[in-house]
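The values are calculated or read from the model by the stated rules, or taken from the named source; none is laboratory data. What you see is a predicted model; the values in this text were computed from it and never measured. Please note: Cβ atoms are built from the backbone with ideal geometry, for glycine as well, and neighbour counts cover all protein chains shown.
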Amino acid sequence: MTVKSKFLKALILGAPASGKGTISSRIVKRYNVEHISSGDKLRDHIQKQTDLGKEVKAYLDEGKLVPDNVMIKFMITELDKVPNKPWLLDGFPRTVGQAQALWKVQPVDVVLNLAVPFDVIIDRVKNRWVHLPSGRVYNIGFNTPKVDGKDDITGEDLVQRPDDKPEAVKKRLEIYDSITRPVIDFYKDIGILKEFPGRTSDEIWPKVTTYLDPIFKM
Ligand code: G5P
Ligand code: MG
């Protein structure tokens, strides 16, 4: 790897609820990178009822993808705002069109793919609770909040995501299989994809550090 870790541009891919947010927050802590989650940013716009939030709400609620033209413009603008430090993008790109558009403006250096079986995922989403303002995520039995229904840091309410309802989860997994899986091949063909199979984030995490430590020279 010839890339300077100071400016490393990384992506984390994986099916809905495969643990992208969980692994990303550990990467942020260990390597001090900027985490940019497309889903967290969209949910923030929805909560604040911005024009974009109003435009995308129905897509998220139903577990459908926001159209490429909206998503590409939004995320490329967001990436331009990132201070001069390494970043980790989570949830974008999700279509080959998005991957091509990103590659034109910001060719990435490293792509991590979390390969978690669908039966594990379906079980997980039932127990997921989130703190919307920060994107902090909990799972009963895995990382249970200290106080039931409250964020550990702020004490504010936790909510369940509308797209974690069974019908929406089914839709998200179908879309992932047909539209997002080809994004893995896009990066495999370029030669920068690294696969991380596993059933739990704790099983995947040591494999991630073994891969990233030399890149960040730890
Ligand atoms: P998001 O927000 O990108 P998804 O569906 O890709 O949503 P999601 O649901 O955020 O991904 P994740 O980040 O992969 O999942 O997983 P996570 O939150 O870390 O973990 C899931 C749960 O499992 C949590 O409760 C966590 O605590 C728990 N967990 C983690 N590891 C373990 C473990 O080992 N064991 C157990 N028991 N639990 C564990 O996108 C949402 C929507 O935004 C739109 C779309 O509408 C999308 O559906 N969108 C886009 N649309 C078009 N293009 C894009 N690029 C878009 N980006 C977002
Ligand atoms: Mg997430």
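What to note about this one:
Residues are listed down the side, and each one gets a yes or a no for (1) of a type in the set (Val, Ile, Thr); (2) within 11 Å of ligand 2 (Cβ to nearest atom); (3) surrounded by fewer than 17 Cβ atoms within 10 Å (Cβ to Cβ):
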site	(1), (2), (3)
Ser18	no, yes, no
Thr22	yes, yes, no
Tyr31	no, no, no
Ser38	no, yes, no
Gln47	no, no, yes
Gly63	no, no, no
Val66	yes, no, no
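- Failed condition for Ile76, given (1) modelled with pLDDT of 95 or more; (2) in contact with a strand residue (DSSP E or B) (Cβ under 8 Å, 6 or more places away or on another chain): (2)
- Hey, Glu195 within 15 Å of Gly14 (Cβ to Cβ), in contact (Cβ under 8 Å) with a residue 40 or more places away in the chain and among the charged types (D, E, K, R) or not: yes
- Exactly one residue out of Gly141, Gly155 is modelled with pLDDT of 95 or more, out of contact with any Cys (no Cβ under 9 Å at 6 or more places or on another chain) and more than 22 Å from Asp68 (Cα to Cα): that is Gly155.
- Restricting the stretch 162-196 to residues that are outside any helix (DSSP H, G or I) and in contact with a helix residue (DSSP H, G or I) (Cβ under 8 Å, 6 or more places away or on another chain) leaves a set whose member that is surrounded by the fewest Cβ atoms within 10 Å (Cβ to Cβ) is Lys194.
- Residue list for the stretch 73-97, filter: within 16 Å of ligand 2 (Cβ to nearest atom) and in a helix (DSSP H, G or I): Met75, Glu78
- Positions within the stretch 112-138 being away from ligand 2 (no atom under 12 Å from the Cβ), under 12 Å from Gly21 (Cβ atoms) and crowded, with 17+ Cβ neighbours inside 10 Å, in sequence order: His131, Tyr138
- When Ile46, Ile27 are screened for being among the aliphatic types (A, V, I, L, M) and more than 11 Å from ligand 1 (Cβ to nearest atom), only Ile27 passes.
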